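Remarks on the structure that follows.
The values are calculated or read from the model by the stated rules, or taken from the named source; none is laboratory data. In this text the structure is predicted, and so the values were computed from the model without any measurement. Cβ placement follows ideal geometry from the backbone for every residue including glycine, while neighbour counts extend to all protein chains displayed. Note: areas computed on protein heavy atoms with side chains; ligands, DNA, RNA excluded. Shrake-Rupley method; radii C 1.70, N 1.55, O 1.52, S 1.80 Å.
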Amino acid sequence: MSEINCTQVTEFSLMGFTEELVTQVTLFLMFLLIYLFTILGNLGMIALIRASPQLHSPMYYFLGNLAFVDLCSSTVITPKMLVDFMSEKKGIAYAGCVAQVFIFDLFGMTECFLLATMAYDRYMAICHPLVYPLVMSPKYCFQLVTGSYLVGLTNGVGQTIGMSNLSFCGSRVIDLFFCDISPLISLSTSNTTLSRIILRTSASLFGLSSSLVVLVSYVAIISAILNIRSAEGTRKAFSTCASHLTTVSIFYGTCLFMYLKPSSDSSREDKWAAVLYTVVTPMLNPLIYSLRNKEVKEALRRLTKPK
């Protein structure tokens with residue numbers, strides 16, 4: 001079909017998971033509970049960090065920002081998905097789709113760099129404890145977090161520009177539960193060269209660089225931990241980064257599966273992998289850091305202790 005005669009798309013259809021009513025109701029209730037836990041967990045983590053003086057340290061400053069990012073990224077996806085479970089017509093306006101791509105890619109890449117920043121923070125704390133207070137100053141921590149948001153903003157703007165150059169003259173059905181740039185590129189009938197270049201450049205430049213920081217940091221951390229002769233010292237050092245390593249493994253594992261696999265290998269498993277990093281991970285992060293972190297549990301105990 002000639003691109004000149006292409007009618008500008010005004011709405012996309014989201015395939016979701018299933019058409020069976022009972023399954024849709026079950027999934028609605030499950031994702032509603034997950035979203036409620038996500039809201040309460042991340043807001044609670046932010047409030048706890050702000051209210052507890054013993055948590056006013058670089059690690060928890062980064063964790064508070066991670067909770068905020070998880071809250072935002074989940075909110076841009078889950079409420080629309082919940083509405084679609086109860087709707088016969090699972091549509092999303094073109095403008096809404098553009099907004100989802102921009103906001104999700106903004107906060108998704110911001111989370112990548114926040115996780116990398118937290119890995120660097122643990123590296124400095126464990127491998128260079130004497131200079132840690134000097135290096136991880138409040139000013140430097142603010143700059144690291146600001147840089148993470150700026151990289152995320154750059155990624156969001158870039159992906160949005162890539163989407164704005166796409167035309168959709170054929171199918172308008174997105175085989176996913178939200179608007180993501182990868183299926184939109186596959187759906188487009190126009191030249192997708194620019195969009196693919198932006199996507200691959202962003203994944204290579206930003207995604208691989210942040211994951212490389214995480215990898216190098218933890219290689220150095222593990223090496224330092226293995227050189228600690230005291231069993232108690234080894235346990236304490238590992239406990240300070242175990243929560244972060246768990247979060248990193250879940251987030252990067254599902255993202256790598258989604259974005260590094262061949263584009264032709266689309267399957268039902270892709271949707272559940274996307275659920276992990278868009279819906280489940282934002283809920284798990286505050287649980288992981290609260291259940292595995294003694295300082296967080298102690299701060300919560302002090303705040304809830306009757307005076």
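Here are the numbers for the structure shown:
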| quantity | calculated |
| --- | --- |
| Of all residues in the stretch 6-16 being in contact with a helix residue (DSSP H, G or I) (Cβ under 6 Å, 6 or more places away or on another chain) and modelled with pLDDT under 80, the one that is farthest from SER74 (Cα to Cα) | VAL9 |
| Check on SER73, within 30 Å of GLU20 (Cβ to Cβ), surrounded by 24 or more Cβ atoms within 10 Å (Cβ to Cβ) and not β-branched (Val, Ile, Thr) | yes |
| Residue count, the stretch 126-158 (criterion: within 21 Å of LEU66 (Cβ to Cβ) and assigned to a helix (DSSP H, G or I)) | 22 |
| Selection count where residues are farther than 30 Å from VAL131 by Cβ and either of a type outside the set (Val, Ile, Thr) or assigned to a helix (DSSP H, G or I) (or both), scope the stretch 10-67 | 34 |
| Flag if ALA224 is more than 20 Å from PHE62 (Cα to Cα), open to solvent by less than 80 Å² (accessible area, probe 1.4 Å), at pLDDT 70 or above and more than 28 Å from the chain's Cα centre (by Cα) | yes |
| Subset tally (residues that are assigned to a helix (DSSP H, G or I), at pLDDT below 75 and surrounded by 15 or more Cβ atoms within 10 Å (Cβ to Cβ)) for the stretch 264-274 | 1 |
| Residue in the stretch 85-92 that is open to solvent by 40 Å² or more (accessible area, probe 1.4 Å), closer than 22 Å to LEU184 by Cβ and of a type in the set (Gly, Ala, Ser) present | no |
| Test: GLU88 is of a type outside the set (Phe, Trp, Tyr) and touching a strand residue (DSSP E or B) at 6+ places or on another chain (Cβ under 6 Å) | no |
| Among (1) open to solvent by 50 Å² or more (accessible area, probe 1.4 Å); (2) out of contact with any strand residue (DSSP E or B) (no Cβ under 8 Å at 6 or more places or on another chain); (3) within 23 Å of ASP84 (Cα to Cα); (4) not aromatic (Phe, Trp, Tyr) - the single one ILE181 does not satisfy | (1) |
| Conditions (1) touching a Ser or Thr at 6+ places or on another chain (Cβ under 9 Å); (2) in a helix (DSSP H, G or I): number failed by SER167 | (2) |
| Cβ pairs under 9 Å, 6+ apart, first in the stretch 149-178 and crowded, with 21+ Cβ neighbours inside 10 Å, second at pLDDT 90 or above and assigned to a loop (DSSP other than H, G, I, E, B) | PHE177/ILE77; PHE178/VAL76; PHE178/ILE77 |
| Near pairs, Cβ below 8 angstrom, 6+ apart or cross-chain, from the stretch 71-86 (in a helix (DSSP H, G or I)) to any residue that is of a type in the set (Ser, Thr, Tyr) and open to solvent by 10 Å² or more (accessible area, probe 1.4 Å) | SER74/TYR35; THR78/TYR35; PRO79/TYR35; LEU82/TYR35 |
| Residue within the stretch 39-54 that is polar (S, T, N, Q) and touching a Ser or Thr at 6+ places or on another chain (Cβ under 6 Å) present | no |
| Of all residues in the stretch 275-296 being touching a Leu at 6+ places or on another chain (Cβ under 8 Å) and at pLDDT below 80, the one that is most open to solvent (accessible area, probe 1.4 Å) | GLU295 |
| Residue within the stretch 209-221 that is crowded, with 18+ Cβ neighbours inside 10 Å, at pLDDT below 80, among the small types (Gly, Ala, Ser) and under 27 Å from TYR289 (Cβ atoms) present | no |
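Each row is one residue, and each column tells you yes or no for (1) at pLDDT below 85; (2) open to solvent by 50 Å² or more (accessible area, probe 1.4 Å); (3) more than 29 Å from PHE68 (Cα to Cα).
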position: ILE4; (1), (2), (3): yes, yes, yes
position: PHE28; (1), (2), (3): no, no, no
position: LEU40; (1), (2), (3): no, yes, no
position: ARG50; (1), (2), (3): no, yes, no
